[in-house]
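Below is one structure, written out as structure tokens; the observations come after it.
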Ligand code: NAP
């Protein structure tokens, strides 16, 4: 265990975590940010971010996140790669276990984000990496001149479908209802793209394939029950995300979907522990709101340190 506790330990290095780290480092609080994989979070899998203010014409997700990182480096944020396995209290301190090592800190900001929701149908798990993907930006280029499908009706599904038209010969957007959740501007672009075919009121019942990978999707029209098989080589699942807070389930109050419940100031049910970004229960999950959360959580952590 480290002798000198950190003032703030941030779990997760997406937009919320990096913003919190920027604020606490700039406030000269001794801060450690722990990230499991790559800094940048889900934005790293986004081709173009068009609704983060200050970047007319849009900016590539990874480039935006690189700027966040460079900004944090300016203030000396300490970053460590590792998996947070647990959190407990010991006297006035929080003890965070990272890859088996116990690290003491006075406050914690949880910004562990969310991960793609699985379809949970036959064949999905078996063909991950062989035709089933959760990230068009990462895997789209493997599907040149073949037919692919995107499952979902939100902003992510719309953006993935539009991105995949760069490679695929045809993109099938499969949605379980008769209207999309995606914003109007994305719907306009989907409708205008001759490579995109939208399958309304349709469920994917199974992913079909052989030793070469995915070969088809079994579809079912929800209104009539009619079943069909759509030949294709790739299925991109974009049906929302699930929060990554399971490792804190015994400590913090979560909602039924696994989001951490906080008040408006990002305080969780445990004093000195704050949550920010997509892992927190909130109405709008965007980079802009993650950044706002990160700033609030950092200021509240600073206030907690002053009060205790
Ligand atoms: P989302 O908005 O929650 O949409 C998920 C979609 O998947 C919905 O259309 C939903 O159908 C469908 N779905 C959910 N579970 C399903 C299942 N088991 N089987 C089939 N379909 C299922 O998720 P998202 O698109 O990932 O977006 C998440 C958040 O990030 C949103 O707040 C979104 O606005 C934001 N985001 C913003 C941008 C941007 O601003 N550029 C880009 C990406 C994401 P129903 O419609 O029937 O519920």
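Below is a table of values for the structure above.
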item	result
Only one of 9, 33, 39 that is touching a helix residue (DSSP H, G or I) at 6+ places or on another chain (Cβ under 8 Å), crowded, with 16+ Cβ neighbours inside 10 Å and closer than 30 Å to residue 307 by Cβ	33
Residues being more than 7 Å from the ligand (Cβ to nearest atom) and surrounded by 16 or more Cβ atoms within 10 Å (Cβ to Cβ) - total across region 147-181	18
Among the residues listed as 189, 220, the single one being within 13 Å of the ligand (Cβ to nearest atom) and under 24 Å from the mean Cα position of the chain (by Cα)	189
Hits in region 259-297 - residues which are farther than 14 Å from residue 248 by Cβ, more than 16 Å from the ligand (Cβ to nearest atom) and out of contact with any strand residue (DSSP E or B) (no Cβ under 7 Å at 6 or more places or on another chain)	263, 264, 265, 271, 294, 295, 296
Qualifying residues in region 266-288 (those that are in a helix (DSSP H, G or I) and under 12 Å from residue 111 (Cβ atoms)) - the one nearest to the chain's Cα centre (by Cα)	278
Neighbours by Cβ (under 8 Å, 6+ apart or cross-chain): first from region 239-262, on the phi > 0 side of the Ramachandran plot and in the same structural domain as residue 280 (by TED's automatic domain parsing); second away from the ligand (no atom under 16 Å from the Cβ) and in a helix (DSSP H, G or I)	258/246
Among (1) outside any helix (DSSP H, G or I); (2) buried (at least 16 other Cβ atoms within 10 Å of the Cβ); (3) within 16 Å of the ligand (Cβ to nearest atom) - the single one residue 252 does not satisfy	(3)
Answer from 193, 201, 210 - the residue that is surrounded by fewer than 20 Cβ atoms within 10 Å (Cβ to Cβ), touching a helix residue (DSSP H, G or I) at 6+ places or on another chain (Cβ under 7 Å), more than 14 Å from residue 119 (Cβ to Cβ) and not assigned by TED's automatic domain parsing to the domain that holds residue 83	193
Qualifying positions in region 42-80 - within 12 Å of the ligand (Cβ to nearest atom) and within 30 Å of residue 100 (Cα to Cα)	42, 43, 45
Filter pass, residue 112 being within 15 Å of the ligand (Cβ to nearest atom) and touching a residue at least 24 places away in the same chain (Cβ under 8 Å)	no
Test: residue 295 is touching a helix residue (DSSP H, G or I) at 6+ places or on another chain (Cβ under 7 Å) and either buried (at least 19 other Cβ atoms within 10 Å of the Cβ) or on the phi > 0 side of the Ramachandran plot (or both)	no
Within region 221-249, tally of residues that are in contact with a helix residue (DSSP H, G or I) (Cβ under 7 Å, 6 or more places away or on another chain) and either within 23 Å of residue 138 (Cβ to Cβ) or surrounded by fewer than 18 Cβ atoms within 10 Å (Cβ to Cβ) (or both)	5
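Yes/no per residue for (1) surrounded by fewer than 22 Cβ atoms within 10 Å (Cβ to Cβ); (2) over 10 Å from residue 113 (Cβ atoms):
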{"residue": "4", "(1), (2)": "yes, yes"}
{"residue": "15", "(1), (2)": "no, no"}
{"residue": "22", "(1), (2)": "no, yes"}
{"residue": "28", "(1), (2)": "yes, yes"}
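The values are calculated or read from the model by the stated rules, or taken from the named source; none is laboratory data. Just so you know, these numbers come straight off a predicted model, no measurement behind them. Methodologically, a virtual Cβ is constructed for each residue, glycine included, from the backbone with ideal geometry; neighbour enumeration extends over all protein chains shown.
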